[in-house]
1. Which order do the peptides 37-45, 9-17, 61-69 take when ranked by the mean count of other beta-carbon atoms within 10 Å per residue, highest first?
2. At 7 Å along the Cα-to-beta-carbon direction for both E73 and R85, put a label point, then send me their distance in nm to one decimal.
3. Quick one: what are the phi-derived ³J(HN,Hα) couplings along segment 114-126, Karplus 6.51/-1.76/1.60 with θ = phi - 60°, whole Hz, x for glycine and proline?
4. Grab the other residues whose beta carbon is less than 14 angstrom from that of G10, score K and R as +1, D and E as -1, and report the net.
5. Any chance you could run the full-extension gain for E19 through T61? It's 0.36 nm times the residue separation minus the Cα-Cα distance, nm to one decimal.
6. Compare the peptides 79-85, 110-116 by average per-residue count of other Cβ atoms within 10 angstrom and give them in order, highest first.
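Since every read-out is calculated from the coordinates, none of them should be taken as a lab result. None of these values were measured; they are calculated from a predicted model. We place every Cβ from the backbone using ideal geometry, glycine too, and count neighbours over all the protein chains shown.
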Amino acid sequence: MQPAPVSRDGFDVPPDPTELASARRRLSSWLAAVGAAPALITDLVVAANEALTNAIDHSGTRRPVRVELASAEGAVRITVRDFGRWSHEMSNPDNGRGLLLMDALVEQLEVIRSDTGTTVRLVRRLVPRRTPPGSGTVRGATRAGRGGRAAPGPA
């Protein structure tokens with residue numbers, strides 16, 4: 001049996017909120033090309049848009065934000081990387097829910113902050129895992145990132 005093909009793409013997003021629509025379109029096209037269902041595309045585009053918005057709003061840098069896309073073994077991974085220093089300034093009291101939103105839309109969320117920037121990894125299966133009725137498995141039990149575990153998935 002041959003391993004599943006790996007699909008990769010990447011692009012830079014200028015640190016300007018007006019560039020987000022173009023990034024969403026590019027991500028949607030790639031997700032459709034790797035076989036994601038429309039509802040999954042919506043979830044992942046919303047989660048990635050939130051990560052991109054955070055990078056633009058809070059990194060404090062004028063460098064482009066890097067987006068890396070990978071699909072392998074039935075899962076997709078979206079990595080959003082900025083090259084600034086995270087700012088916790090919250091001029092808007094409605095801010096602060098982005099991580100909760102991303103976490104609700106993906107199976108694995110990992111946020112890595114360093115002196116050279118912040119990396120957000122979003123992972124979700126293309127096809128939901130089937131669990132036998134009555135197995136007691138809940139979606140939240142498969143999340144990574146909160147306990148410091150590395151997120152498995154496409155390399």
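1. Ranking the peptides 37-45, 9-17, 61-69 by packing returns 61-69, 37-45, 9-17.
2. Each label point lies 7 Å from its Cα, and together they span 3.8 nm.
3. Each residue's phi maps through the Karplus curve to give 9, 5, 9, x, 10, 10, 10, 10, 10, 10, 8, 6, 5 Hz.
4. +3
5. 13.6 nm
6. 79-85, 110-116
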